[in-house]
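Please read the structure below before turning to the comments.
The values are calculated or read from the model by the stated rules, or taken from the named source; none is laboratory data. Keep in mind that what you see is a predicted model, and the values were worked out from it rather than measured. In this analysis, Cβ positions are derived from the backbone assuming ideal geometry, glycine residues included, and neighbour counts consider all displayed protein chains. Accessible surface is based on the protein model in full, side chains and every heavy atom, while ligands, DNA and RNA are left aside. Shrake-Rupley method; radii C 1.70, N 1.55, O 1.52, S 1.80 Å.
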Amino acid sequence: MAKLILMDFYADWCGPCKMQSPIFEALAKELDGKVEFRKVNVDKEGDFAAEKGIMVVPTIILEKDGVEAARWMGVTSREELIKAISKAGE
């Protein structure tokens, strides 16, 4: 089975990040055990964010087996994230 990680790159001062957060957190509860969820504060983990090429917050990255499978910039809907997770998990 593929290892899926969904990472939410955010900042505390970012308005759109505050809109994305409840969507991400609800998905984390819904898919607990199926997908690893990680919230990354770009102000505290700047080196990691730079390594991932983060230019905009919020940015969400879906990795499948350590390789980027999808990337979204800006607020992303639950439906769009679920669709990509389902496709990556096939």
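Based on Cα atoms of the chain, Rg over Rh with Rh as the Kirkwood radius reads 0.94. Under the simplified labelling scheme, the R78-M55 pair shows an inter-label distance of 3.1 nm, with each label point 7 Å from Cα along Cα→Cβ. Evaluating 6.51 cos²θ - 1.76 cosθ + 1.60 at θ = phi - 60° for every residue in region 10-24, the Karplus couplings come out as 9, 9, 4, 8, 8, x, x, 4, 5, 6, 6, 3, x, 5, 4 Hz, glycine and proline recorded as x.
For the chain, the residue among L27, C14, F37 whose Cα projects farthest onto the positive side of the dipole built from Cβ charges is L27. The trypsin sites (Lys or Arg not before Pro) of the chain that meet both conditions, a loop assignment by DSSP and at most 13 other Cβ atoms within 10 Å of the site Cβ, are K3, K34, K44. Within the accessible surface of the chain, defined with a 1.4 Å probe on protein heavy atoms only, the carbon and sulfur portion equals 54 percent. For W72, the accessible surface of its heavy atoms amounts to roughly 30 Å² (probe 1.4 Å, protein chains only, rounded to the nearest 10). For K87, a cut-off of 14 angstrom between C-alpha atoms picks up these aspartates and glutamates, skipping any fewer than 8 places away in its own chain: E63, D65, E68, E79. Taking amide H as placed 1.01 Å from N in the peptide plane, F37 has its amide H under 5 Å from the amide H of L6, each at least 5 places away in sequence or on another chain. How would region 9-54 be classified by its alpha-carbon gyration tensor: rounded, prolate or oblate, with rounded meaning a/c under 1.5 and the a/b versus b/c comparison settling the rest? In terms of gyration-tensor shape, oblate.
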